[in-house]
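One structure is given here, and the rest of the page talks about it.
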Amino acid sequence: MKKKMQKKRNKIFEVFKRNKKISEVGIFLALFWGLGFAFLYIPNIEFITLITFLSGLLFGLKRGLIVAIVGEIVFSTLNPFGSSLAFPPLLLAQVIGFAFIAIIGFVFRSFIQFFTDNKITFSIVLGATGLLLTIVYDSLTTLAFPISSGFDFKQIIATYIAGIPFNLIHIVANTLIFFIILPKILEYVIEHLPEYFPSIKNYTLTTEIN
């Protein structure tokens, strides 16, 4: 009798876990699209890079990639300023870029415990991560057109350099978002939802410089 009850409880728990995982992906996709379209009219200010990085960091590789790929395909193809379906190489570059962001979020999951002892270090590392991820993404999307259009090397470099002033705003914005906002989100998650980071124990975040 006890074994039957335990088996039933385990089955219910497994269903709950599966539904929870599906719900988390759904919530993050809603955040992706909601924040994406909400900030669409503000050039180069966006929070979907943050959402994608968090999805890989909190949910792992598989679900992080689902949020990244599904989120970006829908967002990019339904963009009122112009669907990426009109230029498939750009859509491919965007999807690869966001997949890369989710992967780095997943990788960062294994190292986060090494940076949580110091608030300043934590913020700097996250800010630097945001900077590098945005440079990679902007490089992919900037180079998608000249490479797929058959430009020679000099033309490709000229196109890349011409896009730097525009991309610079995006890079600075995301660096600040990762430096200021992301640490606050992760502090809350680590303190109140520790199941997402089982590797971090006895969490205490200080502002002291070691």
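Rule-based calculations on the coordinates, nothing more; no lab input. Source: prediction; values computed, not measured. Cβ atoms come from the backbone with ideal geometry, glycine included; neighbour counts cover every protein chain shown.
Kindly provide the Kirkwood hydrodynamic radius of segment 86-134 in Å, to one decimal, from all pairs of distinct alpha carbon atoms.
About 12.3 Å, per the Kirkwood formula over Cα pairs.
Among 93-99, 131-137, how do they line up by average Cβ neighbours within 10 Å per residue, starting with the highest?
So the peptides 93-99, 131-137, ranked by packing, come out 93-99, 131-137.
If the cut-off is 16 Å between C-alpha atoms, which aspartates and glutamates fall inside it for Lys21, apart from same-chain ones fewer than 8 positions away?
Answer for Lys21, where 16 Å is the Cα cut-off: Glu195, listed by chain and number.
Averaged over all directions, how much area does the convex hull of the C-alpha atoms of segment 119-161 cover when projected, in nm²?
Mean projected area of the Cα convex hull: 3.2 nm².
Express in % the proportion of alpha carbon pairs of segment 32-121 at distances exceeding 21 Å.
35
Report D for segment 19-196 in µm² per second (integer): Stokes-Einstein, Kirkwood Rh on Cα pairs, 37 °C, 0.692 mPa s. Numbers along the way, then the final one.
On the way: Rh = 16.8 Å.
So the translational diffusion coefficient is about 195 µm²/s.
So for segment 58-210, taking the charge dipole from beta-carbon charges (+1 Lys/Arg, -1 Asp/Glu), which of Ile69, Thr175, Ala128 sits furthest toward the positive end?
Ile69
Report, by chain and number, residues whose modeled amide H sits under 5 Å from the one on Asn118, excluding near sequence neighbours (fewer than 5 apart, same chain).
Amide H neighbours of Asn118: Thr206.
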